[in-house]
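See below for the structure under consideration.
The values are calculated or read from the model by the stated rules, or taken from the named source; none is laboratory data. Bear in mind the structure is a predicted one, so any value in this text is a computation, not a measurement. Cβ placement follows ideal geometry from the backbone for every residue including glycine, while neighbour counts extend to all protein chains displayed.
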Amino acid sequence: MSRDPSVTSALVRDFVGRKRLALAGASRSGKKFGNVILRELKAQGYDVVPVHPAAAELEGLACVRSLAELAGRVEGLVVVTPPAEAVRLVAEAAAAGIGSVWLQQGAASEEAVTVARARGVSLVHGHCLLMFLPGVRGFHRFHRGLWGLLGKLPAEAAAG
């Protein structure tokens with residue numbers, strides 16, 4: 001699935017401005033891209049709660065088993081899972097009152113987008129969250145700059 005051309009810089013800024021996030025898709029091995037995002041969010045001062053069906057803790061943070069446990073405690077959800085799992089997570093986020101979701105590249109599907117729209121969930125997909133975090137560095141800073149030059153970023157996001 002390609003990036004969403006309707007994603008606006010306002011949606012991106014709104015999401016990265018939320019400081020209490022849940023993240024689904026980190027592993028106990030620490031080797032998945034979800035762990036990279038989890039570590040970066042933690043390093044940047046986000047209050048982030050990993051969601052994992054079996055782990056008690058990931059990257060030194062206590063886990064919850066389901067989004068229902070986070071109702072009223074987080075402002076957004078980052079999803080770094082296969083698309084089939086992402087569909088379930090978007091629906092669970094809506095049910096838990098989590099109205100903002102970022103589907104990391106590779107997690108999105110037409111079904112997940114449809115579920116988000118039907119349930120009134122603000123959705124960003126088709127973009128790497130690490131490219132938009134404040135203080136982005138390394139490869140992701142280069143990638144964001146390159147996408148800005150090529151006109152692939154949401155309007156005005158290249159400057160953010």
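Annotations
- Within region 64-96, being assigned to a loop (DSSP other than H, G, I, E, B) and either surrounded by fewer than 17 Cβ atoms within 10 Å (Cβ to Cβ) or over 11 Å from the mean Cα position of the chain (by Cα) (or both) holds for ARG65, SER66, ALA71, GLY72, ARG73, VAL74, GLU75, PRO82, ALA96.
- If the condition is being in a loop (DSSP other than H, G, I, E, B) and touching a helix residue (DSSP H, G or I) at 6+ places or on another chain (Cβ under 7 Å), then region 97-113 contributes ILE98, GLN104, ALA107, ALA108, SER109.
Residues are listed down the side, and each one gets a yes or a no for (1) of a type outside the set (Lys, Arg); (2) at pLDDT below 90; (3) within 20 Å of GLU69 (Cβ to Cβ); (4) within 15 Å of the chain's Cα centre (by Cα):
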| site | (1), (2), (3), (4) |
| --- | --- |
| VAL101 | yes, no, yes, yes |
| THR114 | yes, no, no, no |
| ALA118 | yes, no, no, no |
| HIS125 | yes, no, no, yes |
| CYS128 | yes, yes, no, yes |
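- With respect to the conditions (1) touching a helix residue (DSSP H, G or I) at 6+ places or on another chain (Cβ under 9 Å); (2) in a loop (DSSP other than H, G, I, E, B); (3) at negative phi; (4) not hydroxyl-bearing (Ser, Thr, Tyr), GLY30 lacks only one, and its number is (3).
- Looking across region 54-63, the residues that are part of a loop (DSSP other than H, G, I, E, B) and not aliphatic (A, V, I, L, M) come down to GLU59, GLY60, CYS63.
- Exactly one residue out of ALA91, ALA43, ALA10 is out of contact with any Gly (no Cβ under 6 Å at 6 or more places or on another chain) and at pLDDT 95 or above: that is ALA91.
- Where ALA107 falls short, out of the listed (1) within 15 Å of LEU21 (Cα to Cα); (2) surrounded by 20 or more Cβ atoms within 10 Å (Cβ to Cβ): (1)
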